[in-house]
Structures are given as structure tokens and as C-alpha cells.
1. For LYS112, give me every one of the aspartates and glutamates with a C-alpha distance below 16 angstrom, ignoring sequence neighbours fewer than eight places off in its own chain.
2. Once you place label points 7 Å from the Cα toward the Cβ at ASN115 and GLU15, how far apart are they in nm?
3. Between beta-carbons, use under 9 Å as the cut-off and find the net charge around TYR88, counting Lys and Arg +1, Asp and Glu -1.
4. DSSP loop trypsin sites (Lys or Arg not before Pro) in the range 38-88 with at most 14 other Cβ atoms within 10 Å of their Cβ, which ones?
5. Order of TYR44, TYR88, TYR36 from fewest to most other C-beta atoms within 10 Å?
6. Taking Cα atoms of the range 3-93, Rg/Rh with Kirkwood Rh, to two decimals?
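Just so it is clear, none of the values below were taken in a lab; they were calculated from the coordinates. None of the values given here were measured: they were computed from a predicted structure. Note: ideal-geometry Cβ built from the backbone for every residue, glycine included; neighbour counts use all protein chains shown.
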Amino acid sequence: MAAKELGNYKRILEELEPVVEGLKRLITLLGLPASYSHTLAIMYVTREQLMIDELSQLTGYARTTLFTCTNTLGRLGLVNKRKVCWKYAYAPLFKPSRAIMSRFHEVLEKCKATNKDLEEIHRGGLKSDNEDRARKILEDLTEIEKVPSKMVSK
């Protein structure tokens, strides 16, 4: 990236600092570390493919931190990785809601399967101390299941 482009990105990031901060807070709610949230927020605001060196200059994070961050974000389906001139460039997915909703579906399916197993065990009869434990676990999972159920149904 030319120095002019990098300067342009820095100017954009300065002007849109409140947006970057808001995105960081929102992304952090997904359970991602601050470095991941900051990197992803910057990628969303710049809306360009960026290489690790460019991300490092824009975020202030070390390249090793960014390699870990971008690989994790890629596995979560939030970032695309493409080879450009012998190096990798990273770009955010502009429809992250699909990846997030997919994760909610996965959580919901796992909760349902675990609830079903617990209900079968509970119906089969347990010792009194294990029965109480299984009932509490079932109640907890039922509460957990409500969250992705509401998200998926909207």
C-alpha cells in the first residue's frame, strides 16, 4: 500500500473514530478479545483488503497478534483471506449477520440435543442426588436455549 493510501485510511479512521469505538464494543459483546474487536472494526470501516503489515500500521498491534487474530476471525467466518502478490490480504465479510446467525443455530441445535439426552436420562430414573443435579442442568440449558431461540426466530 502506498503511503498516500495509508494516510488516507488513517484520516478516515480519525474521522470515524466514534464508529470504530462503537463497532469495537459491539464485537466485544460476541466474546472476542479487544485486539480482535479493534482489528475487525478497522477492517469494517476501511472496507478494503488489507495485508498484515497494513493492519499493523493501522491498529498498532504486532504482526504475530494480527496473524492469530485474522486466522481466528477467518475460522469464525467474519473475515476472508485471499492471496495477493505472494502475501495474504484480509477483508471483512460485509454480511456478518449470516455468520453470527449460523453460530446461534449451532448453539441452539447443541442445546436441543443435550436437553433431549438429559430428559431421557431423567425419565429413566436416577439416584436422588443425581436426579437433582440433572434437573438443575436441564433448567440451566433450557434458559440458555431461550437466548439463541429468540435470536433465530427474529
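1. Reachable aspartates and glutamates: GLU120, GLU139, ASP140, GLU143, GLU145.
2. If labels sit at ASN115 and GLU15, their model points lie 4.9 nm apart.
3. On the way: positive: LYS81, ARG82, LYS83, LYS87; negative: none.
With Lys, Arg at +1 and Asp, Glu at -1, the neighbours total +4.
4. Working: sites: ARG47, ARG63, ARG75, LYS81, ARG82, LYS83, LYS87; in loops: ARG47.
Those that pass, being in a loop and sparsely packed, are ARG47.
5. Numbers: TYR44 19, TYR88 16, TYR36 25.
Fewest-to-most ranking of TYR44, TYR88, TYR36: TYR88, TYR44, TYR36.
6. 0.93
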